[in-house]
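Okay, structure first, notes after.
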Amino acid sequence: MSKTRSEVLKESQTKGIAAGAVTVGAVAAGVLLSPYIAVAAAVPAVYLSIKWWKHRSENGIKF
């Protein structure tokens, strides 16, 4: 069974918040610790951001 529009929007919001939080963590790690740790922390941020963009494009969600 397919999801309703509100369920898809809620899922998109959750994925966007997760991607944003990980990105903020990567930036904070770069500022507070070292650039090497920031690069390692940026990998999951990029992955989650790509998943979020893909989810939005597959479901026709515009900005």
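Since every read-out is calculated from the coordinates, none of them should be taken as a lab result. The shown structure was predicted, so the numbers you read here are calculated from the model rather than taken from an experiment. For neighbour counting, all protein chains shown are included, and Cβ atoms are generated from backbone atoms with ideal geometry for every residue, glycine included.
Computed from the coordinates I sent, semi-axes √(5λ) of the Cα gyration tensor in Å equals one of [x] 54, 18, 5; [y] 26, 18, 9; [z] 29, 10, 8. Tell me the label. Step by step, semi-axes √(5λ) of the Cα gyration tensor in Å for this structure corresponds to label [z]. For the peptides 23-35, 41-53, the ranking by packing is 41-53, 23-35, with the highest mean count of neighbouring Cβ atoms within 10 Å listed first.
Label positions at I50 and S12, each projected 7 Å from the Cα along the C-beta direction, are separated by 2.1 nm. Based on DSSP H segments of at least four residues, each scored -39500 (n - 2.57), the chain has a per-residue ellipticity at 222 nm of -29500 deg cm²/dmol.
For the pair V31 and F63, the difference between a 0.36 nm per residue extended length and the Cα-Cα distance amounts to 8.5 nm.
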